1. Consider region 258-274. How many of its residues are out of contact with any strand residue (DSSP E or B) (no Cβ under 7 Å at 6 or more places or on another chain) and either of a type in the set (S, T, N, Q) or at pLDDT below 90 (or both)?
2. Among the listed residues Ala33, Ala43, Ala25, Ala57, identify the single one that is within 18 Å of the chain's Cα centre (by Cα), at negative phi and loosely packed, with under 15 Cβ neighbours inside 10 Å.
3. Looking only at region 143-161, which residues are surrounded by fewer than 19 Cβ atoms within 10 Å (Cβ to Cβ), in a loop (DSSP other than H, G, I, E, B) and either hydroxyl-bearing (Ser, Thr, Tyr) or modelled with pLDDT of 80 or more (or both)?
4. Tell me, please, whether a residue that is under 25 Å from Gly424 (Cα atoms), surrounded by fewer than 16 Cβ atoms within 10 Å (Cβ to Cβ) and either of a type in the set (D, E, K, R) or touching a helix residue (DSSP H, G or I) at 6+ places or on another chain (Cβ under 8 Å) (or both) can be found in region 230-251.
5. Of the residues that make up region 316-333, is at least one in a loop (DSSP other than H, G, I, E, B) and surrounded by 21 or more Cβ atoms within 10 Å (Cβ to Cβ)?
6. For the structure I just gave you, tell me whether Ser294 is hydroxyl-bearing (Ser, Thr, Tyr), over 30 Å from Thr63 (Cβ atoms) and without any contact (Cβ under 8 Å) to a residue 40 or more places away in the chain.
7. Looking at region 17-62, which of its residues are among the aromatic types (Phe, Trp, Tyr) and under 15 Å from Ala221 (Cα atoms)?
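The values are calculated or read from the model by the stated rules, or taken from the named source; none is laboratory data. The structure displayed is predicted, hence computed values, not measured ones. Cβ placement follows ideal geometry from the backbone for every residue including glycine, while neighbour counts extend to all protein chains displayed.
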Amino acid sequence: MAFSQSLPWSEPLDLAAAIDEPYWALLYSGVQAGYSGRYSLLAHGLLEKIESEDFCALEARLTSDRPAFDNAWFGYLSYGLKHSLEQLPPDRSNWLALPDLCMMRFLQVYHFDHKKRAVTLWSTTPPPAGGRPGGGHDSPNIISPHPNTPPAGEGIISSLRSNMTRQEYLDKAAHVIERIHAGDLYQANLTRKFMGEFAEAPKPFDLFRKLCAVSPAPYSAFLRLGDTHVLSSSPELFLRIDAEGRICTRPIKGTAPRFSDAGKDAASRDALQASAKDKAENLMIADLMRNDLSRACIPGSVATERLFEVTSHATIHHMSSTITGRKRPDCSTLEAVQCCFPPGSMTGAPKLAAIRLCTEMEALERGIYSGAIGWFGGDGSAELSVVIRTLLLQGNRFEFQVGGGIVADSTPEQELQELIDKAGGICRCLGIGVDELQ
């Protein structure tokens, strides 16, 4: 059973900064948009952790007959979980090794309503009669906001490299285009991973604060997983499922850079909105997601509510579409997630053909990137973002990854520039010039 109490408003980042525990999670709405961003969640006081290479252990622990924050689970589903769903070629080694799935249940969950400026604390144990909880692992302990100090420096980087050079990417993108013209597939999301080491590592949460300032997003997230930290500023919704089984996905396909000059910025946005190439790219993935959702939804319930909607973010313009449906009563929430996993915007179409081609060309496994971060509620609800614009820290090592959908009328040079544009926020956060991404 979960118990709740109302608390005075505090900013999620200020409360999170006060937590000093080896495992905790913040799902932060750094931008309140019309389509999302109203709520943030902060969970700490680890009670249970699942680390696995498939979905089975998590499926056994999820419920659908309790309040949302009673038996709520937080964490990530990595791209590697695709192997538990389909027969696919093996991934190669990764720079940072993590389990394919890590989900956690916590003693306390803070729910922030940014619109109402209201905070509700949910806990597995009741508050004392006096109102203010005491301490200890088995009883709630209200955390106090940490002063909003300026973020520390980005750290000192001693090495930076990639799974492929710029020229290698251009050659591989050209090969993908050839395969598309040959009729092997319609679209593939070829990605580049950047990895390196710090001579002097930054404080992870200070770096996350900086990422939120440089690249605010409705689906930002900070996960502390022992000595590993996940810092995400994703603008993309993978799946939102409510307790009544209503499902929404909002795939992003189509990107244009932002400019400080208002005229150039408006022209860039207008060009994206009018781009036949980006619309084709977006439509392919909207159709793919409609097909994936239809496997989990009541026949006839899947609908495209918005198509080719352009939204502007701090460093980039994006085109997205919104698809909804109603989950079948005999389909669990996690089964619905599995029907759509990995996110179609990160693979291409047809999905399996695109995965196979990209696995062959990328040389390193993607890890968490291209998977999902979020939470599952005890009432059968769930909300998961697509893992993009995400930085992983592990000791003095770090990695991040960027990609883009290649279609028949793409050019390798155009696709390379899109990757560089997408890396801009993390590069600024780390103090890296985009010209260093060789």
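1. Of region 258-274, the ones out of contact with any strand residue (DSSP E or B) (no Cβ under 7 Å at 6 or more places or on another chain) are 259-267, 270, 274.
Those still in the list that are either of a type in the set (S, T, N, Q) or at pLDDT below 90 (or both) too: 260.
Qualifying residue count for the region: 1.
2. Working: Ala43 fails: loosely packed, with under 15 Cβ neighbours inside 10 Å; Ala25 fails: loosely packed, with under 15 Cβ neighbours inside 10 Å; Ala57 fails: within 18 Å of the chain's Cα centre (by Cα).
Exactly one of Ala33, Ala43, Ala25, Ala57 is within 18 Å of the chain's Cα centre (by Cα), at negative phi and loosely packed, with under 15 Cβ neighbours inside 10 Å, namely Ala33.
3. Listed by number, the residues that qualify are Ser144, Pro145, Thr149.
4. So in region 230-251, the residues under 25 Å from Gly424 (Cα atoms) come out as 230-238, 250-251.
After this cut, where a residue has to be surrounded by fewer than 16 Cβ atoms within 10 Å (Cβ to Cβ) as well, the list is none.
Among the residues of region 230-251, not one is under 25 Å from Gly424 (Cα atoms), surrounded by fewer than 16 Cβ atoms within 10 Å (Cβ to Cβ) and either of a type in the set (D, E, K, R) or touching a helix residue (DSSP H, G or I) at 6+ places or on another chain (Cβ under 8 Å) (or both), which makes the answer no.
5. Of all residues in region 316-333, those in a loop (DSSP other than H, G, I, E, B) come to 328-332.
Then keep just the ones that are surrounded by 21 or more Cβ atoms within 10 Å (Cβ to Cβ); that gives none.
No.
6. On the way: hydroxyl-bearing (Ser, Thr, Tyr): yes; over 30 Å from Thr63 (Cβ atoms): no; without any contact (Cβ under 8 Å) to a residue 40 or more places away in the chain: yes.
No, not satisfied.
7. As a first pass, look at region 17-62 and keep what is among the aromatic types (Phe, Trp, Tyr): 23-24, 28, 35, 39, 55.
Within region 17-62, Tyr23, Trp24, Tyr28, Tyr39 meet the criteria.
Table: residues versus (1) touching a Ser or Thr at 6+ places or on another chain (Cβ under 9 Å); (2) in a strand (DSSP E or B); (3) at pLDDT 95 or above.
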position: Trp95; (1), (2), (3): no, no, no
position: Leu98; (1), (2), (3): yes, no, no
position: Cys102; (1), (2), (3): yes, yes, yes
position: His111; (1), (2), (3): yes, yes, yes
position: Thr120; (1), (2), (3): yes, yes, yes
position: Pro128; (1), (2), (3): yes, no, no
